[in-house]
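Undergrad: Starting off with a structure, shown below.
We did not get these values from a lab; they are worked out from the coordinates using the rules stated. Here the structure is a predicted model, which is why all the values come from computation and not from measurement. Cβ placement follows ideal geometry from the backbone for every residue including glycine, while neighbour counts extend to all protein chains displayed.
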Amino acid sequence: MFNIPKEKEVPLGCITPAPVTEQPMMITGNWREYRPVIDQEKCNLCMNCIVYCPDACWQLNEAEDEPVWNAKYCKGCLICVNECTSGALTKAYELDFADGVVRLEKPF
Amino acid sequence: MAKEMVMSGLAAAAQAAKMAKVEVACSYPIRPYTALMMELAKMVANGELDCEFIHGEGEHAQLSVVLGAAAAGARALTGSSGVGVTYAFETYSPIAGGRVPLQMLIADRALDPPGDFGSEHTDVMSARDQGWIMGWAEHPQEAFDNCLINYRVGEDHRVLLPQFVCQDGYFVSHIPGKVVLPDQSQVDEFLPPYKLPHPLDPKHPVSHGPQIRPDQGTIMDLQRAQAMLDTPAVIKEAITDFNRIFGRKYSPFVEEYMTDGAEMVFFLQGAHTMTARHAVRHLREKGVKIGLVKLRFVRPWPTDDVASVLSKFKAVGVVETSTSYGGAMRGGNLLHEVRASLYDCPQRPLTTSFMAGLGGEMVPLKEFYWMAEVMSNALKAGKMKKNVYWVGFEDE
């Protein structure tokens, strides 16, 4: 038998429970090179970011009337920046942030 | 009552699939395997088999259909030949990695170019490292038996791997032979109903084949490697039960024929074993100390069995029936595995590849006699002149 560290365990055949809103085993946020940054003052709530994000990483906070970004799963494709109608979304280099993804810590 | 009939390898495999109560079959025509699906379609049309019979639009689709069916909990069967086998190549790793134990019947056909209908093992041997169980039948009876044995082994929860159940095109697939069809009760005793531990089920939803991180990929590979390591013990159990229930005398991995007192052996798999048996018998009558060792599973490769059996002899001639262009031995695939298996043995036989049975050509008796002569001369000289002989095309 092999020794597999607990944090690296994968279920048999990688078959995981579904449906789930977030899959903790399949975090893709560390793929990011650039991240989208939102200026809530400029946002006109056109909802394009929410509609166009292929990974549902923009959600509307209805209480605050604000799009909320999901850093755990955003791969940094920047489709949202491209589709933004008000100029509220801009791209910023990931490593300019204190919590920026440092890829070398993990294999990817 | 069990009854004896004469039928081709594909008709025999279809009978086995029927007795295994296959629930989903997916077809796409390519010769020679097509006759399997013709037989199954007839059974479904006649109401003899309660099976969802689906026409795929290609081999990739065939494999995708049976993957879905088997993942949802149905015992599934598909099949192909030659370039059909390679067209579906992308699907092989996900099926094995996802641990879905469906079965694919292979009736070998040479790969292009150009179109060649003959049998050669290279088509599916190209897929030998994807995590599928794999082995060849020598005759229709073994084709029938291997269908049941492979379902039983692959579906075992210690294994959960798909299976390539192979037979040589035409030589086995189309030439009729004697087949004993057992009672349904015997098959039911041997083969329990298909039960996946993680089926697609609306009441307990699961995701199959999600995106994973590269560091999780290692673990996925490791799971498959472990399953392959666990498979030989399950094969041994299954063969013991099979022999008991059906009154057969299979060895799990390697079968010896006339090896008592043999100094040299042919080592091969599949249809040409039949001719080789006759060659061995005739050579024995002339006093040549030769025997035969037949391989029943290429994956998992039976390293220990091959080592302990082949190390008893002084020379081993591996009859390849597949190609490995530019490989370490410059011949076929089997000699690589044979030599690797023998490496740790204190006594190693002389070994060589005999390239024969390629493109679907016959391997007649006189070629086996020639191979035996090469081995005899090597024994006298104390060394094998070449690692590979293209039989019929070069002098010793």
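Undergrad: Can you return the lysines within cross-link range of A:K42? Criterion is Cα-Cα under 25 Å, with same-chain partners fewer than 8 residues away left out.
TA: List returned: A:K72, A:K75, A:K91.
Undergrad: Please state the relative contact order of the range A:45-99 as a whole percent: Cα pairs under 8 Å, 6+ residues apart?
TA: Details: 53 pairs, mean separation 18.2, N = 55.
With pairs under 8 Å counted, the relative contact order is 33 percent.
Undergrad: Quick check on the range B:1-123: take the gyration tensor over C-alpha atoms, sort the square-rooted eigenvalues as a ≥ b ≥ c, and tell me if it's rounded (a/c under 1.5), prolate or oblate.
TA: Numbers: a/c = 1.86, a/b = 1.15, b/c = 1.62.
It is oblate, given that a/c is not under 1.5 and a/b is not larger than b/c.
Undergrad: Return a whole-number percent for the relative contact order of chain B, with Cα pairs under 8 Å and 6 or more residues apart as the contact set.
TA: The normalised contact order for chain B reaches 16 percent.
Undergrad: Using modelled backbone amide H atoms (1.01 Å from N, in-plane), which distant-in-sequence or interchain residues come within less than 5 Å of B:S27's amide H?
TA: It is B:I54, B:H55, B:G56, by chain and number.
Undergrad: Right, here's the next one. I need B:H204, B:H198 ordered by Cβ neighbour count within 10 Å, fewest first.
TA: Working: B:H204 10, B:H198 19.
Going from sparsest to densest Cβ surroundings: B:H204, B:H198.
Undergrad: Pairing rule first: another cysteine's C-beta must sit under 4.7 Å. Under that rule, which cysteines of chain A stay single?
TA: Lacking a cysteine Cβ partner under 4.7 Å: A:C14, A:C43, A:C46, A:C53, A:C77, A:C84.
Undergrad: Assuming a ≥ b ≥ c are the square roots of the Cα gyration tensor eigenvalues, decide whether chain B counts as rounded (a/c under 1.5), prolate (otherwise, with a/b larger than b/c) or oblate.
TA: Working: a/c = 1.73, a/b = 1.52, b/c = 1.14.
Prolate is the answer for chain B, as a/c is 1.5 or above and a/b outweighs b/c.
Undergrad: Taking θ = phi - 60°, what integer Hz values does the Karplus form 6.51 cos²θ - 1.76 cosθ + 1.60 yield along the range B:269-283, in sequence order, with x for Gly and Pro?
TA: Karplus-based 3J(HN,Hα) across the range B:269-283 equals 9, x, 4, 5, 4, 4, 5, 4, 4, 5, 4, 4, 4, 5, 5 Hz.
Undergrad: Arrange the following residues from fewest to most other Cβ atoms within 10 Å of their Cβ: B:L77, B:L334, B:L111. Let's see the in-between values first.
TA: Values: B:L77 30, B:L334 25, B:L111 17.
Least crowded to most crowded, the residues run B:L111, B:L334, B:L77.
Undergrad: Under a 10 Å cutoff between Cα atoms, tell me which one of A:C80, A:C43, A:C57 has the largest fluctuation in the Gaussian network model of chain A.
TA: With Cα springs under 10 Å in chain A, the top fluctuation among A:C80, A:C43, A:C57 is at A:C43.
Undergrad: If you don't mind, another one. Over 18 Å between C-alpha atoms is what I'm after, so list which of B:K21/B:K195; B:K178/B:K249; B:K3/B:K42; A:K6/B:K203; B:K289/B:K380 land there. All intermediate terms of the calculation are to be shown ahead of the outcome.
TA: Details: B:K21/B:K195 13 Å; B:K178/B:K249 16 Å; B:K3/B:K42 20 Å; A:K6/B:K203 29 Å; B:K289/B:K380 13 Å.
Pairs exceeding 18 Å: B:K3/B:K42; A:K6/B:K203.
Undergrad: Which value, in debye to the nearest 20, gives the size of the charge dipole of the range B:3-246 about its Cα centre, when Lys and Arg are +1 and Asp and Glu are -1 at the Cβ? Write out the running numbers ahead of the final one.
TA: On the way: 18 positive and 30 negative charges, 81 e Å.
Once rounded to the nearest 20, the dipole reads 380 debye.
Undergrad: Pick out which of B:Q167, B:Q15, B:Q103 has the largest mean-square fluctuation in a Gaussian network model of chain B, springs linking Cα atoms closer than 10 Å.
TA: The residue with the greatest mean-square fluctuation here is B:Q15.
Undergrad: Please list log₁₀ I(q)/I(0) at q = 0.13, 0.16 Å⁻¹ for chain A, using the Debye equation with identical point scatterers on the alpha-carbon positions.
TA: -0.58, -0.81
Undergrad: Go through the range B:310-396 and name the chymotrypsin sites (Phe, Trp or Tyr not before Pro) that are in a DSSP coil and have 10 or fewer other Cβ atoms within 10 Å of their Cβ. Let's see the in-between values first.
TA: Values: sites: B:F313, B:Y325, B:Y343, B:F354, B:F368, B:Y369, B:W370, B:Y389, B:W390, B:F393; in loops: B:F313, B:Y325, B:Y343, B:F393.
Of the chymotrypsin sites (Phe, Trp or Tyr not before Pro), the ones in loops of the range B:310-396 whose Cβ has at most 10 other Cβ atoms within 10 Å are B:Y325, B:Y343, B:F393.
Undergrad: Run through the range B:89-189 and list the trypsin sites (Lys or Arg not before Pro) located in a DSSP loop whose Cβ has at most 15 other Cβ atoms within 10 Å.
TA: Working: sites: B:R99, B:R109, B:R128, B:R152, B:R158, B:K178; in loops: B:R99, B:R109, B:R128, B:R158.
Listed in order of number, the matching sites are B:R158.
Undergrad: Averaging sequence separations of C-alpha pairs under 8 Å and six or more residues apart, then dividing by the length of chain A, give the relative contact order as a whole percent.
TA: The normalised contact order for chain A reaches 34 percent.
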